[in-house]
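Undergrad: Just dropping this structure here.
The values are calculated or read from the model by the stated rules, or taken from the named source; none is laboratory data. If you're wondering where the values come from, they're calculated on a predicted model, not measured in any experiment. Cβ placement follows ideal geometry from the backbone for every residue including glycine, while neighbour counts extend to all protein chains displayed.
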Amino acid sequence: MQEYEVSASVRKGGEASARAKRSEIRFDGSAQQDPGLPGPAELLATAFAACALKNVERFSQILRFRYDSASIRVVAEREEPPPRIIIIRYTLKIETDEPQHRVDLLHLNVRKYGTVYNTLAAACRVEGEIVVGSPRDDAK
């Protein structure tokens, strides 16, 4: 069994941070919403994004899948009451010259073996797609 450990603290007024390994992550711990810092829901969406991108790299090695870069956009939708995330939508963009069936295989593995992905998919709906792009697409 693998464990993940973080420690976090908040000061009166909402100044908050978490430590994970050697990294410090600042976040909004205030009663309102600080526009300059991510709140817990953004951190959850960030964890989802990190999980997907980590698995792109992991499965690119396992599947010998060639790619130049990958990026992801994640939107988590909240409803009330009670406050909860009801759906996570994402678009995973990958720059590659691999054929579509290999891109689909990579996406299948990202979905099937992602720890955070699977945890959130058990708690809410997760919908997403993988799209192939190239550096030329961003220049348009």
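Undergrad: In the list A41, A70, A8, A47, which residue meets the criterion of being part of a strand (DSSP E or B), at pLDDT 95 or above, among the aliphatic types (A, V, I, L, M) and within 24 Å of A121 (Cβ to Cβ)?
TA: Working: A41 fails: part of a strand (DSSP E or B); A8 fails: within 24 Å of A121 (Cβ to Cβ); A47 fails: part of a strand (DSSP E or B).
Among A41, A70, A8, A47, only A70 is part of a strand (DSSP E or B), at pLDDT 95 or above, among the aliphatic types (A, V, I, L, M) and within 24 Å of A121 (Cβ to Cβ).
Undergrad: I'd like to check something: does segment 1-13 contain any residue that is surrounded by fewer than 10 Cβ atoms within 10 Å (Cβ to Cβ), of a type in the set (D, E) and not assigned by TED's automatic domain parsing to the domain that holds R111?
TA: The answer is yes; a qualifying residue exists.
Undergrad: I would also like to ask the following. If you check H101 against the conditions, is it surrounded by fewer than 15 Cβ atoms within 10 Å (Cβ to Cβ) and not basic (K, R)? Spell out the reasoning first.
TA: On the way: surrounded by fewer than 15 Cβ atoms within 10 Å (Cβ to Cβ): yes; not basic (K, R): yes.
So H101 fits the description; yes.
Undergrad: With outside the structural domain of A8 (by TED's automatic domain parsing), without any contact (Cβ under 8 Å) to a residue 40 or more places away in the chain and buried (at least 16 other Cβ atoms within 10 Å of the Cβ) as the only criterion, which of A49, A76 stands out?
TA: Working: A49 fails: without any contact (Cβ under 8 Å) to a residue 40 or more places away in the chain.
Among A49, A76, only A76 is outside the structural domain of A8 (by TED's automatic domain parsing), without any contact (Cβ under 8 Å) to a residue 40 or more places away in the chain and buried (at least 16 other Cβ atoms within 10 Å of the Cβ).
Conditions (1) out of contact with any helix residue (DSSP H, G or I) (no Cβ under 9 Å at 6 or more places or on another chain); (2) aromatic (F, W, Y); (3) part of a loop (DSSP other than H, G, I, E, B), marked per residue:
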residue	(1), (2), (3)
F65	no, yes, yes
P82	yes, no, yes
R89	yes, no, no
I94	no, no, no
L105	no, no, no
N118	no, no, no
A122	yes, no, no
